[in-house]
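S.K.: Dropping a structure here in structure tokens format, bear with me for questions.
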């Protein structure tokens, strides 16, 4: 099926995938906000003595999800979920790490450890929450260590 035919056959899906409209611009802005938050978090962690191992890591099978940052603190592997907000309209950034997201982070972290042969290494999942309030002199950054506990099956 040619691209034009696909758009005519599935017009609703084509509109959702079209990034030229306001929804596409909003998605692009959210992606840019997320990347800028990850940049801030990476700089903060490196300045705090962590070694950056990976950014936006996905499993080879790509079924588990994505880890924003993977760092090492001493001998411990730290998986970092970065949440960035411009306003408090939707709550604090860390509140976006729902139970579903926590489960996904655990599965993805375990996939990384298996893929790299590191299943016997100590590891944890942290959250870095960043508030970029308009007009604020500096971003507000909170590093929450051990934010996500291990699941029994890991």
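The values are calculated or read from the model by the stated rules, or taken from the named source; none is laboratory data. The model shown is predicted, which means the values in this text are computed figures rather than measured ones. Note that we place each Cβ from the backbone using ideal geometry, even for glycine, and neighbour counts take in every protein chain shown.
S.K.: Restricting to the stretch 47-74, and then to whatever is at pLDDT 95 or above and in a loop (DSSP other than H, G, I, E, B), can you tell me which residue is surrounded by the most Cβ atoms within 10 Å (Cβ to Cβ)?
M.R.: Filtering the stretch 47-74 for residues that are at pLDDT 95 or above and in a loop (DSSP other than H, G, I, E, B), the one surrounded by the most Cβ atoms within 10 Å (Cβ to Cβ) comes out as 50.
S.K.: Considering every residue within the stretch 35-43, establish whether at least one is outside any loop (DSSP other than H, G, I, E, B), under 17 Å from residue 147 (Cα atoms) and touching a residue at least 60 places away in the same chain (Cβ under 8 Å).
M.R.: Yes, the stretch 35-43 has at least one match.
S.K.: Quick check on residue 53: is it in contact with a helix residue (DSSP H, G or I) (Cβ under 8 Å, 6 or more places away or on another chain), within 17 Å of residue 115 (Cα to Cα) and in contact (Cβ under 8 Å) with a residue 24 or more places away in the chain?
M.R.: In short, no.
S.K.: Could you please let me know if residue 30 is over 18 Å from residue 129 (Cβ atoms) and at pLDDT below 95?
M.R.: Spelling it out, it is not the case that residue 30 is over 18 Å from residue 129 (Cβ atoms) and at pLDDT below 95.
S.K.: Within the stretch 130-139, can one find any residue that is within 21 Å of residue 71 (Cα to Cα), touching a residue at least 40 places away in the same chain (Cβ under 8 Å) and assigned to a helix (DSSP H, G or I)?
M.R.: no
S.K.: Take the conditions at pLDDT 95 or above, surrounded by 14 or more Cβ atoms within 10 Å (Cβ to Cβ) and farther than 15 Å from residue 147 by Cβ and apply them to residue 118. Does it pass?
M.R.: no
S.K.: Within the stretch 111-123, is even one residue within 16 Å of residue 34 (Cβ to Cβ) and not in a helix (DSSP H, G or I)?
M.R.: no
S.K.: Among the residues that make up the stretch 97-110, is at least one of them surrounded by 15 or more Cβ atoms within 10 Å (Cβ to Cβ) and touching a helix residue (DSSP H, G or I) at 6+ places or on another chain (Cβ under 9 Å)?
M.R.: Yes, the conditions are met somewhere in the stretch 97-110.
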